[in-house]
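One structure is given below, encoded as structure tokens.
What follows is calculated from the coordinates using simple rules that are stated; it is not laboratory data. Keep in mind that this is a model prediction, so the values were computed, not measured. Reconstructed Cβ throughout: ideal geometry from the backbone, glycine too, with neighbour counts over all protein chains shown.
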Amino acid sequence: MTTRTTGTTAEVELAIGGMTCASCAARVEKKLNRMDGVTATVNYATEKAKVSYAGDISVRDLIATVEATGYTAREPEPPARKDAGTPEADPDDALRPLRQRLVTAVTLAVPVIAMAMVPALQFEYWQWLSLTLAAPVVTYAAWPFHRAAATNARHGAATMDTLISVGTSAAFLWSLWALFLGTAGRPGMTHPFELTIARADGAGNIYLEAAAGVTAFILAGRYFEARSKRKAGAALKALLELGAKDVTVLRDGREERVPAGDLKAGDRFLVRPGEKIATDGTVVEGTSAVDASMLTGESVPVEVSVGDTVTGATVNVGGRLVVEATRVGADTQLARMARLVEDAQNGKAAAQRLADRISGVFVPVVIALALATLGFWLGNGAGLTAAFTAAVAVLIIACPCALGLATPTALMVGTGRGAQLGILIKGPEVLESTRRVDTVVLDKTGTVTTGRMTLLAVHPAEGVTEDEVLRLAGALEHASEHPVARAVADGARSRLGALPVPEDFANVPGLGVQGVVEGHAVLVGREKLLAEWAMELPAALARARAGAEAAGRTAIIVAWDGAARAVLEVADAVKETSAEAVGRLRALGLRPVLLTGDNRAVAESVAREVGIAPEDVIAEVLPEEKVQVVERLQDEGRTVAMVGDGVNDAAALARADLGLAMGTGTDAAIEAGDLTLVRGDLRAAADAIRLARRTLGTIRSNLFWAFAYNVAALPLAAAGLLNPMIAGAAMAFSSVFVVGNSLRLRSFRAAAH
């Protein structure tokens, strides 16, 4: 069950059973929304209702209201953590009854249709064989339609099943009348098959091929629609099943295997090579590489060591790790990702709300149109056969299902595919924003850059090697906790491996560090530190320092044994993929703007490196001023997207027309964003906007097709230009087409790979 409480309002998600079309979903939604203090959204594709309720209403009241409408409701079970011996439920179980009815209908309907279409097959008593074969199709195979129609009738409602049941029953009962009371039962009776309506005397015509064929076609449509909907939701199901089932917990020095659901924050657990990490936590022992591709879409494993955070469901591909759990259950990143995806799938775009309103009144309008068609043809002297055929065709060809499936199936596939690629879309309203956006504001630190100081260059004096500089400077800086010192030490260690241990070390506040390494008196820090030791910077090194500062980098002087030996350049390094990402954002028609609190020299240096124009650099901005920058751009008439990752970005992300939060950032930023990029690669921002725009395009094409189909098909049927069986095939195809069009989103490829 998904239940959340915010203030005096609670939210619950209900699984709705018995819905067969968009009209059903519209009825359930309307009934729930009539309850005081209740706001509900019912999704036909996911078969779920998301309900907010307040006051004295209980979940039991909500379920009772749904049941009084003629459908079932229950609180969905949480994703099961299956024990080792628990057999998996066959995913085909739910489809098996539908498949059995479909096989029966097709097997029996094919000869009925063949005899009706091919006069050569019409032997002396062929019509009685047709009746024998068609009867099980109209009774057994079509039983779900009749049952649903009867249930709806008891509640004073009409749905898609009503149209199908009335249409097929009318065709079958007409045929019985013609066979037993008319002239159609006489030996040797024949009649040609026509794509349009027949204009002969009704007493000599049977419509068994229409009754059986329509049932078979619509069952086929329902079956393939159900299969496609299951495929559409497969990404979310796979996401929910990523987590580890059990875990080795360390308790009192002993290893104990327990279900992953029993973990509590603060527990320490063991992760062996090849095992999944059971929950989010911090490494307290060991070093390894972690494969996070199932969450981020990034195929390169990430190195982790003591103090690094790891995410549940990722795979340890290196050494043995001991992890301390920090977030468990519904608080983990995997659970939050799944919740975001599910919430997005349950939402509705503005265009879909219009489609839902149409679906809600669609069936009564179609029934009225069918009666009007019957009256019109009779009034014009066309005969009972022509009038009846046209009316039945109108009933059968109408399809609100395509309207109801247009948005939710595209959202299911689009958001599911996004989750596989590390892109989380919060809801359908986000899609509209991606279409309008023309400016993207990029926060520099942590978004365009790595967010940590990095050693970028070494400029040794004549006669000194880079390795010698790094060995002595790295050894001394390794003893310091300053971010610049860590950058030097990490750079030296990654290049040389193990570093010597300083024999003496002292921190000089505000200037640098000094000490003895391998018998050398070493100084590392600002130029003022050298002045205290009466040292001067040679011209070559002075030029290197000036060049570093002009580029917005920090210049570090290294000296030993009484002379300056090198200049090191340290800066918040630009991510390797940022320049490519900026180019891709431009290709999408977006104008990139760099936003930072750093000085202008640093900002323009970064902008040059990634390809952002100097006039699009906004520097020296205080955290609280970021919102004002976004508002100023909006006042200029721009539609603004904001990409950020820090707490100080949260307000600007919320204020922007479209907020993209880097998943490597803070919870506040992720909460404020409309799109979350699980991996810290700026190229994912371009992928996210592409995917959102493509999903929106799919929704629009689905809605266009669904509206166009009904607008074109109903007049054709009323005009007598369609045989009822052809009408049934067209109706079934329209739903399958919409779902199939949505499934094309599964082929979306991220350019970031």
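Could you pull out the pairs from 426/575; 276/575; 30/426; 48/426; 50/426 whose alpha carbons sit more than 20 Å apart here? Could the numbers behind the result be given before it?
On the way: 426/575 26 Å; 276/575 28 Å; 30/426 24 Å; 48/426 17 Å; 50/426 15 Å.
Pairs exceeding 20 Å: 426/575; 276/575; 30/426.
What ranking, highest mean first, results for peptides 138-144, 252-258 when packing means the other Cβ atoms within 10 Å averaged over each residue? Before the final figure, lay out the partial values.
Numbers: 138-144: 19.7, 252-258: 9.1.
Going by the mean number of other Cβ atoms within 10 Å, highest first, we get 138-144, 252-258.
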| field | For segment 433-488 versus segment 571-616, the gap between their alpha-carbon centres in whole angstrom | value | 17 Å
| query | Which order, highest average first, do 303-312, 533-542 follow once you tally other Cβ atoms within 10 Å for each residue and take the mean per peptide? | reply | 303-312, 533-542
| request: Evaluate E = 1/(1 + (r/R0)^6) for residue 143 and residue 186, where r is the Cβ-Cβ distance and R0 equals 25 Å; express this FRET efficiency to the nearest 0.05. | output: 0.20
| query | Across segment 440-447, in residue order, what do the Karplus-derived ³J(HN,Hα) couplings come to in whole Hz, using 6.51 cos²θ - 1.76 cosθ + 1.60 with θ = phi - 60° and x for Gly and Pro? | reply | 10, 8, 10, 5, 5, 6, x, 10
| field | Computed magnitude of the charge dipole of segment 450-588 (debye, nearest 20; Cβ of K, R +1, Cβ of D, E -1) | value | 640 debye
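How do the peptides 119-128, 322-331 rank, highest first, by the average count of neighbouring beta carbon atoms within 10 Å per residue? Could you put the intermediate results ahead of the total?
Working: 119-128: 14.2, 322-331: 17.5.
Sorting 119-128, 322-331 by mean packing, highest first, produces 322-331, 119-128.
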| query | What does the charge count near residue 251 come to, summing +1 for each Lys or Arg and -1 for each Asp or Glu among other residues with Cβ under 14 Å from its Cβ? | reply | -2
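Please give me the summed charge of the neighbours of residue 570: other residues whose Cβ is under 13 Å from its Cβ, Lys and Arg +1, Asp and Glu -1.
Numbers: positive: 452, 486, 526, 545, 553; negative: 477, 490, 549, 569, 572.
Charge balance in the 13 Å sphere: 0.
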